[in-house]
Amino acid sequence: MGGETSMAEEWTDRFGTVNGVTLHWVEAGQGPLVVLLHGFPEFWYEWRHQIPVLARAGFRVVAPDLRGYNLSDKPRGARHYRAGVVMDDVAALIGHLGAERAHVAGHDWGGVIAWRLAIRRPELVERLVILNAPHPAVFARELKHPRQLLRSWYAGFFQLPILPEAVFRANGYAMIGRIFRNSPRRPDAYTDDDIARYREAISRPGALTAMLNYYRAFGRRSVRGGRDGEGAWGDGMVRRPTLVIWGEQDTALNIHNLDGLEDFVPDLRLERIADASHWVPADAPERVNRLMIEFFRGGARRSAAGSSAAGTGVALDAEDRFGR
């Protein structure tokens, strides 16, 4: 299917069939391919601050709606939302776009998929950026501790049928407004217009259950003793240059998810942002943009000890800082 002008002239809407499903994505710019993978309960629009900045920096930027979200197909049944299946979507999308490999960035569930892609299909990943998404082996360790298990209570709640959907739908999807108004550290991280877009996306037929099915697929595999697919996570080693950006005020993922990460990611650069929450692309867009551009351009590697400093030494003009 062809492209059309999107809600903003800075990107174009496109559709394509990959791995047996039709995905929607937005695209901007020309140059090396960058694929941006959103998390729950967002959609491609999570990257609104990053897309135009990366495009102006000389990259071809593609931000898909993952299967189940917004305008992409929504197969029925939790099995269609296993991490391995969604990873195959991303792998097929990179090929559909005519590229041999791509820079890949993911946040939250998008980060889970990005980790898996780098572990299982490293030949497709040039450089990897992870934003507040735990490495699977480290997260498995952390789930054994109350410090993470208690923070993950909602994932258990999402295993229930019907009730989670009812909670999200109550009062015109008021939960979406509460999440994006109360959780970020930056007061204007999500505007009223942003929240309206999220409500529209989650209210599309079949979308809410499909989005929750990511958690249900993970939970069912865990209960059955599986590891989410054939071969699962392999040895967990990431053999591509990796930047992890972590908002330290994350209430869902404890900071110990960073402990021992270098054991699985030898070429690791870790950047901690002290005043950002789980929603780091919106909470600290200027810093995220600077870090991503420097890293994708092959900037100097920093120690895995990381930094909480704001500056990164990459020059961007004022309008580039927030992607506006």
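Take the residues in the stretch 154-178 that are hydrophobic (A, V, I, L, M, F, W, C) and crowded, with 17+ Cβ neighbours inside 10 Å, then tell me which one is farthest from Pro285 (Cα to Cα).
Phe158
Read through the list (1) under 14 Å from the mean Cα position of the chain (by Cα); (2) buried (at least 24 other Cβ atoms within 10 Å of the Cβ), then give the number of the only condition that Tyr45 fails.
(2) is the only condition that Tyr45 fails.
Just one of Leu253, Leu270 is part of a loop (DSSP other than H, G, I, E, B), surrounded by fewer than 22 Cβ atoms within 10 Å (Cβ to Cβ) and at pLDDT 95 or above; which is it?
Exactly one of Leu253, Leu270 is part of a loop (DSSP other than H, G, I, E, B), surrounded by fewer than 22 Cβ atoms within 10 Å (Cβ to Cβ) and at pLDDT 95 or above, namely Leu253.
For Pro187, all conditions in the list (1) part of a helix (DSSP H, G or I); (2) at pLDDT below 95 hold save one; what is the number of the exception?
(1)
Applying the selection to the stretch 29-42, what residues are over 20 Å from Ile179 (Cα atoms) and either of a type in the set (Lys, Arg) or surrounded by fewer than 24 Cβ atoms within 10 Å (Cβ to Cβ) (or both)?
The answer is Gly29, Gln30, Gly31, Pro32, Leu33.
For the stretch 55-111, which positions are under 16 Å from Asp13 (Cα atoms) and in contact with a Gly (Cβ under 6 Å, 6 or more places away or on another chain)?
Ala55, Arg60, Val61, His96
List every residue pair whose Cβ atoms lie under 9 Å apart, where the two residues are 6 or more positions apart in sequence or sit on different chains, the first residue falls within the stretch 107-121 and is without any contact (Cβ under 8 Å) to a residue 60 or more places away in the chain, and the second residue, located anywhere, is aromatic (Phe, Trp, Tyr).
Val112/Phe139; Val112/Tyr214; Val112/Phe218
Quick one: Ala232 ticks every box in (1) surrounded by fewer than 16 Cβ atoms within 10 Å (Cβ to Cβ); (2) out of contact with any helix residue (DSSP H, G or I) (no Cβ under 6 Å at 6 or more places or on another chain); (3) at pLDDT below 95 except a single one, so which number is it?
Here Ala232 clears every test but (1).
Being more than 16 Å from Phe295 (Cβ to Cβ) and without any contact (Cβ under 8 Å) to a residue 60 or more places away in the chain is the filter here; which residues of the stretch 44-62 pass it?
Selection gives Trp44, Ala55, Arg60, Val62.
Count, please, the residues in the stretch 286-301 that happen to be of a type in the set (D, E, K, R) and modelled with pLDDT under 95.
Looking only at that region, the number is 1.
Yes/no per residue for (1) at pLDDT below 95; (2) more than 16 Å from the chain's Cα centre (by Cα); (3) not basic (Lys, Arg):
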{"residue": "Ala105", "(1), (2), (3)": "no, no, yes"}
{"residue": "Ile113", "(1), (2), (3)": "no, no, yes"}
{"residue": "Leu117", "(1), (2), (3)": "no, no, yes"}
{"residue": "Arg121", "(1), (2), (3)": "no, yes, no"}
{"residue": "Glu126", "(1), (2), (3)": "no, yes, yes"}
{"residue": "His135", "(1), (2), (3)": "no, no, yes"}
{"residue": "Ala170", "(1), (2), (3)": "no, yes, yes"}
{"residue": "Tyr173", "(1), (2), (3)": "no, yes, yes"}
{"residue": "Ile179", "(1), (2), (3)": "no, yes, yes"}
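The values are calculated or read from the model by the stated rules, or taken from the named source; none is laboratory data. The structure displayed is predicted, hence computed values, not measured ones. All Cβ positions, glycine included, derive from the backbone under ideal geometry; neighbour counts span all protein chains shown.
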